[in-house]
Structure formats: structure tokens, C-alpha cells
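Taking it in order: structure first as C-alpha cells, then the write-up.
Please treat every number below as a calculation from the coordinates, not as lab data. All of these numbers come straight from a predicted model, not from anything done at the bench. Heads up, the Cβs are rebuilt from the backbone with ideal geometry, glycines too, and the neighbour counts pull from every protein chain shown.
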Ligand SMILES: [Ca+2]
Ligand SMILES: [Ca+2]
């Protein structure tokens with residue numbers, strides 16, 4: 001917790017609070033700022049993969065049978081194996097390092113520091129970037145002090161470590177929280193919700209495998225050379241004016257693929273990394289439970305447009321592999 005140079009915290013995964021809501025759409029690259037009017041996206045360079053990390057020896061003090069290390073390795077393999085993306089992360093070795101210290105090493109620190117008493121976050125990822133948004137170093141502080149972890153799926157006495165690690169490594173790789181998700185009537189998070197869904201899974205809930213929205217995020221940011229995926233691009237307007245921060249979702253009901261994106265200030269959206277399919281389009285405002293502040297980056301301000309109705313469009317976009325639909329302009333009211 002102490003250190004000389006500190007890295008910028010980009011994600012604070014607070015404990016899940018259930019709120020009734022319907023599923024909402026998109027993966028969101030972790031936009032950090034505007035430079036010359038362009039949104040700069042936080043990203044690793046393709047040559048950085050596979051990215052080595054060093055993790056606290058023995059990981060969490062909650063688990064002593066070694067299954068915590070297996071859970072971490074499995075979480076990293078989940079991202080590394082995302083089809084169509086070359087992103088990859090691996091544990092180089094176990095080593096005592098402090099998260100948030102600029103030392104050229106990517107540290108995953110499981111901390112039992114008393115300074116964490118009373119804190120509610122599960123993990124915080126710190127990213128050091130240059131002016132182009134390229135990630136130079138990433139550290140993760142895992143709150144072992146206040147959070148009880150388990151590796152038994154469905155256990156009601158702790159958070160599933162693998163689920164927590166999969167989600168936090170999405171942030172490590174440059175993704176922000178996604179609005180694609182929602183709740184079942186019993187207020188557990190719907191199974192189809194993105195791993196990166198803005199409201200993290202709670203005790204007894206697991207999400208160890210990536211959903212279509214998460215995979216599309218990796219394909220969009222770190223495409224495999226030669227991979228051929230489809231994309232849908234266009235503009236959302238209201239009364240002829242661009243809508244900023246609208247959630248646009250492409251949904252293939254046959255394949256069960258749901259991938260979304262948020263519009264930029266000029267109303268444009270890019271939904272990339274799609275598999276071939278027939279997509280229906282939906283546009284909805286960034287409102288509770290996934291309010292703009294939960295997404296962060298350029299969407300954290302009060303200039304996001306939320307004053308319009310959720311709308312389905314009778315537009316079916318048929319795409320083969322490698323096909324792109326552009327100029328899809330949808331007007332909301
Ligand atoms: Ca470091
Ligand atoms: Ca603990």
C-alpha cells in the first residue's frame with residue numbers, strides 16, 4: 001500500500017448491490033481522455049503479448065490447498081484463449097511486490113494490510129499509460145483483507161476467486177465495465193450478462209467464461225492477424241442531433257450473441273468483432289443500474305444523453321465473416 005510512484009487507479013470493483021432491471025447492452029474499451037478531440041483508448045501494444053505478471057506467493061490467505069493459483073491461471077487462460085484475439089497474460093513467478101509501484105513489473109498483490117480495514121472493493125487495477133493510451137505497466141491490488149475468497153463454485157461463504165480474477169483481468173487488458181447485462185427476477189445477475197458487466201457478481205454467483213460481448217472487446221482491441229470478423233457502424237441521432245453515450249446493441253437471437261457499444265460525442269458507434277449472423281438492433285439510454293459513472297472514462301461526466309426511450313429497430317443486419325455494415329443511422333425519440 002505504500003510506495004514511491006503510484007499508478008492511476010482505473011477500476012474500483014465495489015461489492016455487488018442488487019437492483020431490479022432488464023438486460024441492457026456493450027463492451028467498452030477503457031477510454032481515458034480526449035486528445036485533440038479524439039477519445040484515447042487505453043490499450044496494450046500487440047508486441048507486449050504475452051504479458052508477464054508476478055503474484056503474491058500463496059495468493060489469498062483464505063485458501064491453502066493451491067486451488068487459488070489454479071483459479072488465477074485458469075482466469076488468465078480464459079482471456080488468453082479468446083478466439084480471434086492475440087491477447088495473452090501469464091504468471092511469470094510468485095514474488096512479494098507492492099501494487100501501484102512503478103517498477104517495470106506487473107504486480108498482482110493479495111494484500112492483508114490493516115489499512116484496508118473497512119474497505120469494500122474486491123480489487124483495483126492501476127494502469128500506467130503514455131499519452132497515446134498505451135499501457136506501459138499494470139498492477140492489481142486484491143483486497144484479501146476484507147474479501148473472503150473461495151474456489152468452490154456456488155459456495156455461500158465467499159466470492160468466487162476465478163470469477164473475480166476474470167473480471168479484473170478484463171480491466172488489466174484495457175476494458176472498462178460493460179453495460180451488457182441485467183438481472184433475473186430473483187435479483188441474481190443474468191447468465192448472459194458480460195463478464196465485464198458493470199455490476200460484479202456477488203457471493204454464490206460465478207461467471208468464469210467470457211460472453212460474446214467480452215470476446216468482441218478483445219477482438220476489437222487485439223485482433224488476431226488474419227482473423228475475419230464482422231462489424232456494424234453508424235450514428236445515433238435524436239431530432240437530427242448526435243446522441244452521446246447511447247447504448248447500441250446488436251443481437252443475434254438464434255446464436256444468442258449480444259454485443260454492444262456506446263456512442264461517441266458525435267453520435268457514432270462501432271460494434272466490431274462480431275461473428276457472422278443476423279443482427280437485430282436496439283438502442284437504449286445509459287440509465288440505472290448501469291449509470292454513466294459506472295462506466296467511467298469519457299462517459300463519467302454529466303454530458304451523457306439519457307433523455308430518450310429504449311427502442312428496438314426493425315432493421316436486420318445480415319453479415320458474413322469479414323463483412324461490415326456502415327452508415328447505419330438510427331433516430332431515437
Ligand atoms: Ca508495478
Ligand atoms: Ca481474504
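By count of other Cβ within 10 Å, fewest leading, how are 74, 45 ordered? Walk me through the numbers before you get to the answer.
On the way: 74 16, 45 11.
Ascending number of Cβ neighbours within 10 Å: 45, 74.
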Expressed as an acute angle from 0 to 90° and rounded to the nearest 10, what is the orientation of the C-alpha long axis of helix 161-172 relative to the principal long axis of the chain? 60
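Quickly estimate the mean residue ellipticity at 222 nm for the chain, helices only: each DSSP H run with n ≥ 4 gives -39500 (n - 2.57), and the total goes over all residues, rounded to 500. Don't skip to the answer; put the middle values down first.
Working: 4 runs with 40 residues, N = 333.
The helix-only estimate for the chain comes to -3500 deg cm²/dmol at 222 nm.
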Angle between the chain longest axis and helix 212-221 axis [Cα atoms, degrees, rounded to 10]: 90
Additional length obtainable on full extension of the chain from residue 91 to residue 192, 0.36 nm per residue less Cα span: 33.5 nm
Over the chain, what lengths in whole Å, largest first, do the semi-axes of the equivalent ellipsoid take, defined as the square roots of 5 times the eigenvalues of the alpha-carbon gyration tensor? 33, 21, 19
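What is the calculated FRET efficiency for residue 280 to residue 146, with r their C-beta to C-beta distance and R₀ = 35 Å, to the nearest 0.05?
So, using R0 = 35 Å, E works out to roughly 0.25.
Please order 251, 222 by the number of other Cβ within 10 Å, starting at the fewest.
On the way: 251 20, 222 23.
Going from least to most buried by this count: 251, 222.
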Under a GNM of the chain (C-alpha, springs under 10 Å), which listed residue has the highest mean-square fluctuation: 210, 127, 319? 319
Compare 226, 245, 100 in a GNM of the chain, Cα atoms joined below 10 Å, and give the one with the largest fluctuation. 226
Once both label points are put 7 Å beyond Cα along the C-beta direction, the residue 153-residue 321 separation in nm becomes 2.9
For the chain, find the longest principal axis of its Cα atoms and tell me its angle to the long axis of helix 67-80, 0 to 90°, nearest 10. 30
Cα→Cβ-extended label distance, 7 Å offset, between residue 83 and residue 313, nm: 2.7
What residue among 249, 283, 291 has the largest mean-square fluctuation in a Gaussian network model of the chain, using Cα springs under 10 Å? 291
Quick one: pull the percentage of alpha-carbon pairs in the range 83-231 with a separation above 23 Å. 42
Label residue 70 and residue 268 with points 7 Å out from Cα along Cα→Cβ: what is the distance between them in nm? 4.8
